[in-house]
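Single-structure report; data block below.
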Amino acid sequence: MARTVIPIGPQHPLLKEPLAFQIMLEGERVTDSTMRMGYVHRGIERLCQERTYVQNIHLLERVCGICSHVHAMTYCHAVESLLGIEVPLRAAYLRALLCELERIHSHLLWMGVLARNIGLDTIFMYAWRDREVVLDIMEALSGGRVSHAINIIGGVRSDVTPEDREEILEQLTTLDRQVTRLVGVVEHERSLQTRTKGVGLLSLEQVRRYCVVGPVARASGLDADMRRDEPRTPYDRLSFNVPTHTAGDVWARTLVRMQETRVSVELCRDILKEIPEGPLAVRAPRRVPPGEAISRSEAPRGEVFYYVRSDGSDTPARVKIRTPTLPSLLTLPQQLKGVTMADVSVVLSGVDLCIACADR
Amino acid sequence: MRKAVSTLLESLRTLAYLLPQLGRALVTRPETVKFPFAPPVIPRGYRGRVQIHPEKCRGCGLCVRDCPAFALELQREDRNTFKLIYHPERCAYCGQCEVSCTFGAIYQTNEFVRGTDDLGQLVVTLVDRRPARAGAQDK
Amino acid sequence: MNALIKLLIFPGFGFLFIAALAFDWIDRRMIARYHGRVGPPWYQPLADFVKLLAKEDIVPEGTHGLAAAALPIVSLTAVLTASLYIPVGGIVGASFEGDLIVVLFLLTLPALAYFLAGWISVGAYSVLGGHRSLLQYFSYEVPFLMAVTCPAILAGSWSIAEIINSQAQTAWSALMQPLGFILALIGLIGKLKRDPLDIPKAKSEVVAGPLTDFSGRKLALWHLTMNMQTVLGIFLLVNLFFGGSRLFDRVPALPVFGMKSVAILLALSTASALYARLRIDQLMDLGWRVLAPLALIQILATLWIGG
C-alpha cells in the first residue's frame, strides 16, 4: 500500500487549537508522526515580568479558557505564600467551589468533543447542554461564563448570598441528574466503546517516564491527585474518592473523567453546604518581599505548577508555569504508533488537549 | 460470526439507553436561545460596562495602575486638574478597577456591551476635572 | 409533450429538485430536534444551493481540470436518468421489464464518480477519502443489491411497476421480508454516506473527503446529487418494500407515497442520531461477516417459501 504523509493541523476540524502533526501512513496504519507546537505561544511568562502582581492575576487567567480560575488561584496562592498571608476560610471554600465547577465544565466539554470527533453528534449536543447549566452557575457566582476574575491576592471578591446558594443547590440537583444520565449513556454506548477501546495505550511505566499527570495518568493506574495528596482547605475537610483505571486506553480515560465529574458534583454540594461565614479577603500589601514560592493545584487536566520569584519590586522577577497538558502532548507520537487513520482523531481527543495551556 | 452477531445485539441493547433520551429531546423545548433576535438573558452579577461617580474620583490613579489591559489613562496637570480616559476596546471587563478604587468612584455595571462601528465610542472621557467647572462629565 | 412534462416537471427534474431540498430540510430539522436544537428554517437548503452557485469555482493546480468539471455532471446525469424509471405515487416516466436492474446500475455511478473525484485531486485528504469510499462501496453494495432483489424474486419480475402491483395482491414486502428491509435500509445508509457510515467524508478525519477541493458550482452539483440520491433511494425502498402508493384504493396516491417516504427518512435520521461513526475496517467486518450472510439467508428463504 502507498506511503503517504498526512498533515493534521495547524488547522483541522478535529483540533480546537492549532497544533501541527505530520503523520506517516502506510495504507491506513500510522507508522510515525512528528509534532510541532508553539502556534499559540503568547509569551505570557515574559509578559508577567512587566506587569504588577495585581495585573498578573488577570493576565494569567487568560492562559487557558477552560482552567482559567485554577491558574489565577494557583498564582494567588503562590503570591500569598510570598507575602506570608493566609486566605480566610470562606474564600478558600469559594475558590474550591469554582475549581470543582470548572472541572465539571471541562470534562463535559471534553466528552462532547470526543463524541463529535467519533461521529456521535447527539452526545456532543447533550454534554454541551449540560455544560450550559454549569456555565450558568459560574456566571451567577462570578459574573462571567469563562473568565471569572474572582481571585484577588488575599481572597476572593464576590460572594454567594443565601438565595444564590439555594438556587445553585437546585441547579446542582438538575445537573446531577443530567450528568448521571449522560454517564449512563456513555458507559453503555457500544459504538463508543468499540471506537475507543485499545486505542492510545499508555502503560504505567511510560506515564512515569513522560511525567504525565491528570486523568490520562490516572487511567493508566497512577494514583495521584493534588487535591488529596497536598490538600489545602477545604479539601482536607471533605471526603471524596479519586477514580483510577488500569487499562490506559481512551476508554479508560473516558470512564475516569466521567466518574470524576460525578465526584465533583458531590463535592460542589458538600462545599456549598459546609461553607462557613466570614470575611472574603484579607488585606494584602502591594510590595512583595523578595523570595520564591511554588504552588500546585489540580486543574481539570492534571497538576498545574507555579513558581513565582520576587525581587522586592511590584513586578515579579519570574513566573514559571508548568501546565498539565504539556507532558500529555509529548506522549502523542508514542500513542499514535500503530493506530489506524480513523483512530488518530480518537487519540488526539482522548488526551484532552489544551494547546493554549501548553504553549502559554 | 458469533462475535459479530453479539456485537450487533449489544448495539441494539445500547438503544435502550440513548433512545429514551432522544424521545425526551423531542418533547422538550429546544435549548437554544434566539439571540440576537431576542434580548439576551443577563444575570445579576454580570461584569459589563465600566462607569464612574465623577464626584468621588480623586484622580489617584490606582485603577490605572491595576488595569491589566491598560484601558484607563490618567492625564494629570496638577492636583485639581485631571482627565480620566477609558478605552472600551481595550477593556477586559475584569472589574479590577472597581476592586482597586478605595473611594468607590469607578464601578462596573451589568450593561451588556455590543459591538459598534462608531469610532467615536473608542475613547470615553470618564472624568474631566478642572478648577473652573465642578467636575463635568461627558460620555 | 406528455413526455416532456414527465421529464422536466413531474416526476422529473423540477419535482426532484424540490423534493431533494425538502428532504434535506426534514432530515436536518429532525436531527436538530433530537439534539435539542431548533434546526434550520425551511429555505436553508435552497439558500445553501444558491450560495454555492454564486461562489468562486477554484480548481487546484495538479487536479485534472476536465475530469473535475465532468464528474459532478456525470453523477447528476446518472441520478436523473435513474429517476425516469422510479414511480412516484404511481406515475412513472417509463417502465419496462428489467428497469430495476437499470436503476440499480445507474445509482452506482455516483459512487464511482465520488471515488474518481478523490482520485484526481491533489490533496492527501481527498485521496484518502476516495480510497475509503471505494472500500465502503464494496462493503455495503453487495448486501444492498442482494436485499433489493428479494422483492423482485417474490414478485417474479424485474420491473418496479410489476413489483408494486404484485404487492397490492399479497402484502407489503417489508412485512413478508423484514430482514431484507432492514438490510436494504442499512445498505441505503452506506450508499448515501450518512452517519454512521459517513466514513469517506468524516469531518474529523479527512476534512471533507473527496470533495475537499471542490467549491462553487461543482460543489453545488455534488450536493444536489447527494440529496437527489437520498430522495431516489427512499422512493425506491418505498416502491419495493412498502407497495408504492397503495394503501387503500380510495386514498389518493401521492400523499400516501409522501408519508411513507417521510417515514423512512425519519428512520434514517434516527439512525444518524443514534450511532457513532464506524471505522472502515469495522464496516468491512460488518458488511462481509454479518450483512452479506444475512442477505443470503433472506434470498434462500424467499426462494424456498416463494418458489
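Observations on the model:
- Shielding by partners - mean other protein chain Cβ count within 10 Å, residues of C:275-287: 6
- Relative contact order (percent, whole number), chain A, Cα cutoff 8 Å, 6+ residue spacing: 26
- Highest mean packing comes first when the peptides C:106-113, A:353-360 are listed by Cβ atoms within 10 Å, giving A:353-360, C:106-113.
- If you wrap the tightest convex hull around every Cα atom of region B:10-139 and split its volume per residue, you get 179 Å³.
- Restricted to Cα atoms, chain C shows a radius of gyration and a Dmax of 19.1, 60 angstrom.
- Computed magnitude of the charge dipole of chain C (debye, nearest 20; Cβ of K, R +1, Cβ of D, E -1): 640
- Cleavage-rule hits (trypsin sites (Lys or Arg not before Pro)) in region A:247-333: DSSP loop, at most 16 neighbouring Cβ within 10 angstrom: A:Arg283, A:Arg286, A:Arg287
- Net dipole in debye of the protein assembly as shown [+1 Lys, Arg Cβ; -1 Asp, Glu Cβ; about Cα centre; nearest 20]: 400
- Region C:288-303 versus region A:98-128: alpha-carbon centroid distance in Å: 40
- Euclidean distance of C-alpha centroids, region A:20-84 and region A:172-207, integer Å: 26
- Dipole-positive endmost among A:Leu94, A:Gly214, A:Ala127 within region A:93-249 (Cβ charges, Cα centre): A:Gly214
- For chain B, the relative contact order comes to 26 percent (Cα pairs under 8 Å, sequence separation of at least 6).
- Shielding by other protein chains, C:207-213, mean Cβ within 10 Å: 1
- Positive-pole candidate from B:Tyr17, B:Cys101, B:Gly120, dipole of chain B, charges at beta carbon: B:Tyr17
- Distance between region C:60-89 and region C:90-155 - C-alpha centres, whole angstrom: 13
- Built amide H within the under 5 Å cut-off of C:Arg277, gap 5+: A:Gly119, A:Leu120
- Charged-residue dipole, Cβ positions (Lys, Arg, Asp, Glu), region B:1-114 about Cα centre, Debye nearest 20: 540
- The aspartates and glutamates within cross-link reach of C:Lys55, meaning a Cα-to-Cα straight distance under 16 Å and a gap of 8 or more places when in the same chain, are C:Asp213.
- Dipole of region C:11-306, positive end: most advanced residue of C:Ala22, C:Tyr34, C:Tyr137 [Cβ charges, Cα centre]: C:Tyr34
- Per-residue mean of foreign Cβ neighbours for B:91-97 is 5 (Cβ atoms of other chains, 10 Å radius).
- Cα-Cα separations in region C:57-169 greater than 22 Å, expressed as whole percent: 46
- Backbone HN-Hα couplings from phi across region A:332-349 [Karplus 6.51/-1.76/1.60, Hz, Gly and Pro as x]: 4, x, 5, 5, 7, 5, x, 8, 7, 4, 5, 7, 4, 5, 5, 5, 5, 6
- Cα convex hull volume per residue for region A:256-322 (Å³): 107
- Two numbers describe the Cα atoms of region A:205-316: Rg and Dmax, which are 17.7, 50 Å.
- Any cysteine of chain B lacking a neighbouring Cys Cβ under 4.7 Å - listed by number: B:Cys57, B:Cys60, B:Cys67, B:Cys91, B:Cys94, B:Cys101
- Residue range of chain B that is longest and free of chymotrypsin sites (Phe, Trp or Tyr not before Pro) which are both DSSP loop and sparsely packed (at most 14 other C-beta within 10 Å): B:1-36
- Region C:11-306, relative contact order in percent, only Cα pairs under 8 angstrom and at least six apart counted: 28
- Three-way shape call for region A:121-166 based on the alpha-carbon gyration tensor, with the a/c threshold at 1.5: oblate
- Over all directions, the projected convex hull of the C-alpha atoms in region A:3-359 averages 16.6 nm² in area.
- Rg to Rh, two decimals, where the protein assembly as shown supplies the alpha carbon set and Rh follows Kirkwood: 1.04
Read-outs: derived from the displayed coordinates by stated rules, not from any lab. All of these numbers come straight from a predicted model, not from anything done at the bench. Don't worry about glycine lacking a Cβ; one is built from the backbone with ideal geometry, like all the others, and counts go over all protein chains shown.
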